[in-house]
Amino acid sequence: MARRRRREVKRRTREHVLADLSANYVEKQALLCGYTAERVRLDYGIDLVVQTFNRRGEVESSRILFQLKATDRITTLASASAVSCRIEQANLVHWLEEPFPVVLVLYDAQNDAGYWLYVQNHFANLTGFDLARSGRRVTVVIPRSNVLDRKAMRRLARLKNAAARHYRKVWTHAL
């Protein structure tokens, strides 16, 4: 008797679930602040874009860009005061040239928590870092105190507004 061959079907992997959970986590924090969040359909190193609004509900200029990483097994440093994750150098090159703030979020699915790092600010203040000599992957350390919650989302909005004010002084649209 011939054995029936099991047909191949598409499967939803744990990685897909983690990606959606991390996006949902960041979206919720933005929505709780009265902001909007849009997932990026074609991902080239940015997964989510947050538009902020002031206390009167008026739209603010600029946006916050998010790159999301998610895991079931977060890597904690020996001191337990920070977590780490690896990022691609190609993404880092892109993020460091971006005028909008780029925020890396490491989502810990087991504890339903996200830890954030303002990428441009972090690397601007990282003594001795040389992007050209960094290798294909870079390990970043995120303080455990950088929990992404409503308070952090509002802080990121203020940082974004400060960066936008700075860029408005520097940039011109005259051709």
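The values are calculated or read from the model by the stated rules, or taken from the named source; none is laboratory data. Being a predicted model, the structure only gives us computed values, none of them experimental. Glycine also receives a Cβ, built like all others from the backbone with ideal geometry; neighbour counts cover every protein chain displayed.
Which residue, of ALA109, ALA90, ALA70, is in contact with an Asp or Glu (Cβ under 6 Å, 6 or more places away or on another chain) and over 17 Å from ALA152 (Cβ atoms)? One residue alone meets the criteria, ALA109.
Considering only residues in the stretch 1-48 that are under 21 Å from ALA90 (Cβ atoms) and in a helix (DSSP H, G or I), the one that is modelled with the highest pLDDT turns out to be SER22. Could you check the stretch 125-159 and list, in sequence order, the residues that are in a strand (DSSP E or B), among the aliphatic types (A, V, I, L, M) and touching an Asp or Glu at 6+ places or on another chain (Cβ under 9 Å)? Of everything in the stretch 125-159, just one residue is in a strand (DSSP E or B), among the aliphatic types (A, V, I, L, M) and touching an Asp or Glu at 6+ places or on another chain (Cβ under 9 Å), namely VAL138. Once the stretch 88-109 is narrowed to residues that are aliphatic (A, V, I, L, M) and touching a Ser or Thr at 6+ places or on another chain (Cβ under 8 Å), the residue that is surrounded by the fewest Cβ atoms within 10 Å (Cβ to Cβ) is ALA109.
If you check THR52, THR76 for being at pLDDT below 95 and surrounded by 13 or more Cβ atoms within 10 Å (Cβ to Cβ), only one passes: THR76.
Contact map, the stretch 69-92: residues that are in contact (Cβ under 8 Å) with a residue 24 or more places away in the chain and polar (S, T, N, Q) paired with residues that are surrounded by 17 or more Cβ atoms within 10 Å (Cβ to Cβ) and assigned to a loop (DSSP other than H, G, I, E, B), Cβ distance under 6 Å, separation 6+ or inter-chain. Pairs shown: ASN91/GLY45.
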